[in-house]
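Report on the structure given below.
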Ligand SMILES: Cc1ncc(COP(=O)(O)O)c(C=O)c1O
């Protein structure tokens, strides 16, 4: 008989340790706290970790996603294909540009969007494709790339004419540290954006990063510069550059945005990054303990974790309760909460949200997303979870699962 652990179980507490605290203190006392040398260093370190040449840090995934879409020239009348099961931000970044997110259903084998679904939603108005590595599990990048490369396309500006196809922009908010065909997720699409939000595997409290891996012929240095300039008011010099001798003058080349990461945030990331590979292994270990304990329960679909080409970043332990109704799943959530086990649902599908219903999206057209909505349940998965806590989660899950099904 399992006893309830004395310390409360968190759902996804940040792994902030003494090194992070010391790093923040060092920056706070350094005399420079906004964007500066720490952000530049984090960008270099992320590039090395990802095996990427062009990485930029910004204030959030959402901010940099909108910036990239604006660089691409996305606007009214344009379409971007997004999956039905994701966080609202994936589609919001498209809506911010006045364009239309075209929502496609997901594949119940892994709950990601498939290349076939994307192919079926292409139109002459498709200007971009944004798949999501749900829960940290990579989409089939090669298959999606093949679809994007043979898509019909009508270019509306020079950048689009140069690429000659829709932009392949990956939402890797969950998959920092996942691998696809042996390489870290980040360089498989034209752009890939990560979120460093407080609940993510790797966090800077708030923040995000983008990798530019556009084909040769694109001036990637210039593109990163464009993103930095437009992410800081459209100004040609940032605050630090202006303090340097003879550089006080600047121009503002357009009505830019305010999307910069601060050195305080970057310092948190820099303190964490050397520890991240070990944290990923810890996550993998916790996921495999769940797999072993829950895999034999009738009807439970375990999250995808590893196959011949992919390895998850183990961001969420998102399982599915095969055949359950939403009310039954909700009763399980309530019972677990009573027992001190926090859970979550990732996510309420986009077609159920008012923002999309108001523009005519009908949830009934997305049967797999509807199934996901009824069956999905995420259990705590984080590096601070002790074995005692996990054993309690497992015991209470099995107890209530057997009782309620
Ligand atoms: C799939 C997905 N995309 C995008 C985002 C947005 O990230 P951010 O909060 O850094 O803007 C999130 C955040 O939770 C997410 O889960």
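A few points about this structure:
- With R₀ set to 51 Å, the beta-carbon distance separating residue 244 from residue 354 gives a calculated FRET efficiency near 0.60.
- For segment 24-86 and segment 91-111, distance of Cα centres in Å: 20 Å
- Residues in segment 308-349 that a label on residue 402 would reach, taking backbone N under 15 Å of a point 7 Å out along Cα→Cβ: none
- In the elastic network of the chain, a GNM with C-alpha springs shorter than 10 Å, the most mobile of 190, 140, 251 is 251.
- The C-alpha atoms of segment 256-297 occupy a region whose extents along the principal axes are 53, 25, 11 Å, arranged from largest to smallest.
- Counting neighbouring beta carbons within 10 Å and listing from fewest to most, the residues 223, 9, 81 come out as 223, 9, 81.
- For residue 22 and residue 156, the FRET efficiency from 1/(1 + (r/R0)^6), where r spans their Cβ atoms and R0 equals 30 Å, is about 0.05.
- Expected 222 nm ellipticity per residue - DSSP helices of 4 or more, -39500 (n - 2.57), all of the chain, to 500: -11500 deg cm²/dmol
- DSSP bridge orientation in the chain - percent antiparallel, rounded to nearest 5: 60 percent
- The gain in end-to-end length when the residue 337 to residue 225 segment is fully stretched comes to 35.6 nm, 0.36 nm per residue minus the alpha carbon separation.
- Selected from 207, 120, 59 as most flexible by GNM, with the chain as the system and alpha-carbon contacts under 10 Å: 120
- Estimated inter-spin distance, residue 391 and residue 216, nm [label 7 Å along Cα→Cβ]: 5.7 nm
- Here the simple spin-label model places points 7 Å from the Cα toward Cβ, and for residue 327 and residue 40 these points are separated by 6.1 nm.
- Counting every C-alpha pair in the chain, the share spaced more than 36 angstrom apart comes to 26%.
- Most mobile of 324, 137, 69 in a GNM of the chain (Cα contacts under 10 Å): 324
- Take every DSSP beta bridge whose two residues both sit in segment 151-228; close to 65 percent of them are antiparallel.
- Cα centroids of segment 268-282 and segment 341-405: 27 Å apart.
- Compactness relative to 2.2 N^0.38 Å, alpha carbon Rg of segment 319-405: 1.25
Only the coordinates and a few stated rules stand behind these numbers; no lab work does. Since the model is a prediction, treat every value here as computed from it, not as a measurement. FYI the Cβ positions are ideal-geometry reconstructions off the backbone, even for glycines, and counts take in every protein chain you see.
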